[in-house]
There are 6 protein chains.
Amino acid sequence: MEKKKEAGLRPARQDEAERVMALDLPPAPLSDAMKAYFAKCEEKIGFVPNVLKAYAHDSAKLEAFVAFYNDLMLAPSGLSKLEREMIAVAVSSRNRCYYCLVAHGAAVRTLAQDPVLGELMAMNHRAAALEPRHRAMLDFAVKLTEASSTIEEEDREALRRVGFSDRDIWDVAAVASFFNMSNRMASAVDMRPNREYHGEGR
Amino acid sequence: MEKKKEAGLRPARQDEAERVMALDLPPAPLSDAMKAYFAKCEEKIGFVPNVLKAYAHDSAKLEAFVAFYNDLMLAPSGLSKLEREMIAVAVSSRNRCYYCLVAHGAAVRTLAQDPVLGELMAMNHRAAALEPRHRAMLDFAVKLTEASSTIEEEDREALRRVGFSDRDIWDVAAVASFFNMSNRMASAVDMRPNREYHGEGR
Amino acid sequence: MEKKKEAGLRPARQDEAERVMALDLPPAPLSDAMKAYFAKCEEKIGFVPNVLKAYAHDSAKLEAFVAFYNDLMLAPSGLSKLEREMIAVAVSSRNRCYYCLVAHGAAVRTLAQDPVLGELMAMNHRAAALEPRHRAMLDFAVKLTEASSTIEEEDREALRRVGFSDRDIWDVAAVASFFNMSNRMASAVDMRPNREYHGEGR
Amino acid sequence: MEKKKEAGLRPARQDEAERVMALDLPPAPLSDAMKAYFAKCEEKIGFVPNVLKAYAHDSAKLEAFVAFYNDLMLAPSGLSKLEREMIAVAVSSRNRCYYCLVAHGAAVRTLAQDPVLGELMAMNHRAAALEPRHRAMLDFAVKLTEASSTIEEEDREALRRVGFSDRDIWDVAAVASFFNMSNRMASAVDMRPNREYHGEGR
Amino acid sequence: MEKKKEAGLRPARQDEAERVMALDLPPAPLSDAMKAYFAKCEEKIGFVPNVLKAYAHDSAKLEAFVAFYNDLMLAPSGLSKLEREMIAVAVSSRNRCYYCLVAHGAAVRTLAQDPVLGELMAMNHRAAALEPRHRAMLDFAVKLTEASSTIEEEDREALRRVGFSDRDIWDVAAVASFFNMSNRMASAVDMRPNREYHGEGR
Amino acid sequence: MEKKKEAGLRPARQDEAERVMALDLPPAPLSDAMKAYFAKCEEKIGFVPNVLKAYAHDSAKLEAFVAFYNDLMLAPSGLSKLEREMIAVAVSSRNRCYYCLVAHGAAVRTLAQDPVLGELMAMNHRAAALEPRHRAMLDFAVKLTEASSTIEEEDREALRRVGFSDRDIWDVAAVASFFNMSNRMASAVDMRPNREYHGEGR
């Protein structure tokens, strides 16, 4: 009864409904490779990430995106998978990209087995208790996000000073740059994260 | 064994240790009223929020803060408690205040019984599916946060058009303004949220 | 006669009319404490500051505001009252808050017996000839105003280096944070400064 | 005795000492025209504005500046002298130019015989009670100051709609543009305003 | 002789020397596909773009990049190749990416057979005389670059109103997003454009 | 035939038509001095720069502008003419002024006999290979453009450290400040560059 009396308006439940994005683009027939990839997603994580469903309106684009993404985030690198996800979330935080914060925040929580680290990356990486390596890596990624034209040799030197090789610097830059693309793509078409992400790694 | 081989450095667990803030200010003796208030916190939510422990270095400041805060967030108003918490989180998102995002994000999740709404307020309120009332309320709060000197009669009119009274506008403004104070206070002294908040309302 | 010929349009006199703010909120009956406080204002400075009249639509809010404000600006502190007013004006300058610049600019002029100091705080504190203590104090306050999420231990250390204790740092932060609230409240409701302020301390 | 006990440090009096600017550039011999002009300044306003003393290290530069300035601010125009000074102050406010705010703030106060109008132009023109003509004029000047590359035909149309001719638009633009130069010149060399300005028109 | 007397220092000739980027990453052996692709570049445009040489330190990354890029810029689309290059340059202008402005500025000049259009895209697209379709397309791309989290349905509607289909909107977004990645990658490693670009299409 | 099939819309040729600016201000009769000056322009560079035609609606304004400009850019100085043009272009790049980028970009290319230097100044001076003198000079000019109120003694010291005298600092500041005026004037009235500039110095 008291509820009824409360002032204000109750917000609708945020259902993350079936809609994948704001554009009306029906899925194209998947290539066999992509069919297999989607099946693998279902098997491994229980669902197909909506970003893949969004690209699936054009099978060539989907394949190119998946190849590019998997090389970036999963190929051998001087950066661990978790470090790459930390960059993804810190960059997505600057761009306030809802899709990527939800999906990659879940990845940080799960890979780190530390829900708090995921929150810190999404909210303000400067508030985290980080090793110099990670602080330098994230500072570079955030500067590249916010003021890329001011990056100079001194910024690369700062990464070398904490032990990153030139190849590692490429990878830091590549991940940070990619999420500046992906954040914008997601915002441009209002991509909606799969509901499953929210509970992962809590 | 594969773990050992992984590249990179594992980040330390983010422990949200006992430290309440970065300033070394020992707690002052609490007044009876504040003793009772702290006891009530322990009883109701299981812990004393660190913001209160931070203010507790000076009992007069603590009392003034508690009185101001409780009137703002709990007194009768045309805005529900949840609406006030939604403003708190949307403002804290613009200011990237880790303490307030964690503490008040938990409040939104709990009051709304909707973890997704909490994430949306913290990440990007524009990505949420909101009633016009809530969208206007949050747009005003965010504009007041980012460009307060450009607020004009038209901005107040936009609130009136979705049904807010002049008294309601005062309350929207007061909550948004308060968190512009509180976010800065928390960042200035590196206030750390109680670990309990992270799991609430998930 | 030449006047008549002049081109352009003469701006209306800026009367700072009786209107206290843009919201139509009639004053509530004052509590005895607040009646006494208003009487004391009339006696000491000759008028009741409009910010108090604005809060007077709700006596509980008025009392909470007055208690909070008086502790902040008048209680014993390692910062002098003038130093607290200098912070108030420098912060209000960044937020371009007309009400606070007028009211607290007057306070700086009067407390310092130096009208030029008031102008410098309102226009650009970097142009003033300041002791390292005051420069560091104002730089911290302005950074907290403009980019609070980037405040880190180094910023607190900069205050310690010029002699501020941790308790002083709390007070610098508290005053700067408060005016980030108060500036926004004043802008949100278009609070108008009492005309008397303009001539004070000239 | 109470004074001694007060906490904090008393700021030095802001003397606006004899120094004209931060560069060490001795005055060059004045041409006869400039000698006469300086004498006229002394006679009419009681002092030579420091901006002229700053340019006086090079007589050719001084003459070019004076000619340009006097045409801009004093030649016949569809804008009154006061309107041109209002633009000067509103632009200088955005650029936080101490010299120009002091010198031209005095001009607005004096020409308008309204000290409050001067404060409003220096603090936040949006808080002033202005005719549509003046609001449009200042909005254009401020936009030109802050985001000149986004000015388009619609911005010029907004001036035409409140009655400005194309020639008037030139003059609004010319005054706003000039103070974007003059503000920067003053800040670049830390030009100090003559003390006399502070009291004028109060 | 007069040259000798001139004041100042002559800047060194900007040689766009052989250095491809600031990272020391030796090229990896190319796959046959990439060998053929490089040969095709030499044949068609006379040189291998440095961006490809930069990625060539890792053949898998090079292949993924080339596949992604070629689908984006060359695959059938409702946008012409020139329109895609116009987006590339307008985005690169906001990010001040030297490599991309040079390389894609050349593409606009050549495809449009209009050197002035290339300059306008690189300098300020708002100064160009554009059809509503192109103005809307570039405004969307620039907003996505500068403030992606504020893109909403209304922004997509603005594209639909000038005739873009939902699939076209995807392509506008994809090109704009890609160059937000590519600009950052180029700035992160100080990629140097091939000298040949400068003279193309003049 | 393939052309017909291509998707998209071909942008109109950017003709830099005869229109000098967006304001309809007929030229006033030129003074003899200005007639001679226009004739000298035609003789020396083959055309009258449109900025002069724009000012020619008022002969007194034209004369004041020409005198001011010629002293600034051509009078003896510790800065070479090329150095002054480099400042002009770097400043115009920050303000995205199409007219000045085209006209003064041509001047840099021609004076330096290096088209690449012109591009670098227009696109991002940080990407150029510059002597410390030029880097410091341009950094000062750009800071003065973007954040003039934060210029302090340390910024002037940085210029002195690379060999600039106080008089040189005046000249750096004067050129940078002037183009902050000129960029805004050009944008305010949509000044169009003469077509001839585009090909100069390529």
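Return the residues of the range D:15-45 that are of a type in the set (Asp, Glu) and loosely packed, with under 15 Cβ neighbours inside 10 Å; say none if nothing qualifies.
Filtering the range D:15-45 for residues of a type in the set (Asp, Glu) gives D:15-16, D:18, D:24, D:32, D:42-43.
Across the range D:15-45, the qualifying residues are D:Asp15, D:Glu18, D:Asp24, D:Asp32, D:Glu42, D:Glu43.
Given the conditions (1) farther than 18 Å from F:Asn95 by Cα; (2) small (Gly, Ala, Ser); (3) surrounded by 24 or more Cβ atoms within 10 Å (Cβ to Cβ), and given that D:Ala176 satisfies all but one, which numbered condition is not satisfied?
The one condition D:Ala176 does not meet is (1).
Just need a number here: residues in the range E:46-71 that are crowded, with 20+ Cβ neighbours inside 10 Å and either of a type in the set (A, V, I, L, M, F, W, C) or over 22 Å from A:Ala174 (Cα atoms) (or both).
Matching residues across the range E:46-71 total 7.
Kindly indicate the residue of the range F:111-127 that is open to solvent by 40 Å² or more (accessible area, probe 1.4 Å) and under 18 Å from F:Val172 (Cβ atoms) and also nearest to the other protein chains (Cβ to nearest Cβ) among those meeting that condition. Can you show your working first?
Of all residues in the range F:111-127, those open to solvent by 40 Å² or more (accessible area, probe 1.4 Å) come to F:111, F:113, F:126.
Those left that are additionally under 18 Å from F:Val172 (Cβ atoms): F:111, F:126.
Numbers: F:Leu111: 10, F:Arg126: 6 Å.
Top of the filtered list is F:Arg126.
Are any of the residues in the range D:187-198 closer than 21 Å to E:Ala127 by Cβ and either modelled with pLDDT of 95 or more or open to solvent by less than 10 Å² (accessible area, probe 1.4 Å) (or both)? Even if it seems obvious, please write down each step before you answer.
Taking the range D:187-198 first, the residues closer than 21 Å to E:Ala127 by Cβ are none.
Taking every residue of the range D:187-198 in turn, none turns out to be closer than 21 Å to E:Ala127 by Cβ and either modelled with pLDDT of 95 or more or open to solvent by less than 10 Å² (accessible area, probe 1.4 Å) (or both).
Given the conditions (1) at pLDDT 95 or above; (2) touching a Leu at 6+ places or on another chain (Cβ under 6 Å), and given that E:Gln14 satisfies all but one, which numbered condition is not satisfied?
Result: E:Gln14 fails condition (1) only.
Just a yes or no: is a residue in the range A:121-140 out of contact with any Cys (no Cβ under 9 Å at 6 or more places or on another chain) and farther than 28 Å from B:Asp15 by Cα?
no
Would it be correct to say that A:Ala112 is more than 9 Å from the chain's Cα centre (by Cα) and among the small types (Gly, Ala, Ser)?
Numbers: more than 9 Å from the chain's Cα centre (by Cα): yes; among the small types (Gly, Ala, Ser): yes.
For A:Ala112, the condition - more than 9 Å from the chain's Cα centre (by Cα) and among the small types (Gly, Ala, Ser) - is met.
Checking the conditions here, which among A:Ser165, A:Ser177, A:Ser148 is more than 8 Å from chain B (Cβ to nearest Cβ), under 12 Å from the mean Cα position of the chain (by Cα) and among the polar types (S, T, N, Q)? Reasoning before the result, please.
Values: A:Ser165 fails: under 12 Å from the mean Cα position of the chain (by Cα); A:Ser148 fails: under 12 Å from the mean Cα position of the chain (by Cα).
Step by step, each of A:Ser165, A:Ser177, A:Ser148 is checked, and only A:Ser177 is more than 8 Å from chain B (Cβ to nearest Cβ), under 12 Å from the mean Cα position of the chain (by Cα) and among the polar types (S, T, N, Q).
Could you figure out which of (1) over 18 Å from the mean Cα position of the chain (by Cα); (2) open to solvent by less than 20 Å² (accessible area, probe 1.4 Å) isn't true of D:Ala12?
Result: D:Ala12 passes all but (2).
Would you pick out the residues in the range E:132-157 that are over 23 Å from B:Glu146 (Cβ atoms) and among the aliphatic types (A, V, I, L, M)?
The answer is E:Ala136, E:Met137, E:Leu138, E:Ala141.
Against the condition of a type in the set (Asp, Glu) and touching a Leu at 6+ places or on another chain (Cβ under 6 Å), how does E:Asp171 come out, does it pass?
Numbers: of a type in the set (Asp, Glu): yes; touching a Leu at 6+ places or on another chain (Cβ under 6 Å): yes.
Criteria met by E:Asp171.
Which of the numbered conditions does F:Leu130 fail, given that it passes all the others? Conditions: (1) facing another protein chain (nearest Cβ under 8 Å); (2) farther than 21 Å from F:Lys44 by Cα; (3) open to solvent by 20 Å² or more (accessible area, probe 1.4 Å); (4) within 16 Å of the chain's Cα centre (by Cα).
F:Leu130 satisfies every listed condition except (4).
Let me confirm something: among A:Ala22, A:Ala12, A:Ala67, which residue is small (Gly, Ala, Ser) and away from chain B (no Cβ under 13 Å)? Lay out the reasoning, then the answer.
Numbers: A:Ala22 fails: away from chain B (no Cβ under 13 Å); A:Ala12 fails: away from chain B (no Cβ under 13 Å).
Testing whether each residue is small (Gly, Ala, Ser) and away from chain B (no Cβ under 13 Å) leaves just A:Ala67.
Among the residues of the range D:17-35, write down those that are among the basic types (Lys, Arg) and at pLDDT 95 or above.
Quick first cut of the range D:17-35, residues among the basic types (Lys, Arg) only: D:19, D:35.
Passing the criteria: only D:Lys35.
Out of (1) closer than 27 Å to E:Thr110 by Cβ; (2) within 11 Å of chain E (Cβ to nearest Cβ), what's the single condition that is false for F:Gly78?
Among (1) closer than 27 Å to E:Thr110 by Cβ; (2) within 11 Å of chain E (Cβ to nearest Cβ), F:Gly78 violates only (1).
The values are calculated or read from the model by the stated rules, or taken from the named source; none is laboratory data. These numbers come from a predicted model, not from an experiment. Don't worry about glycine lacking a Cβ; one is built from the backbone with ideal geometry, like all the others, and counts go over all protein chains shown. Calculation scope for accessible area: heavy atoms of the full protein, side chains included, ligands and nucleic acids excluded. Shrake-Rupley method; radii C 1.70, N 1.55, O 1.52, S 1.80 Å.
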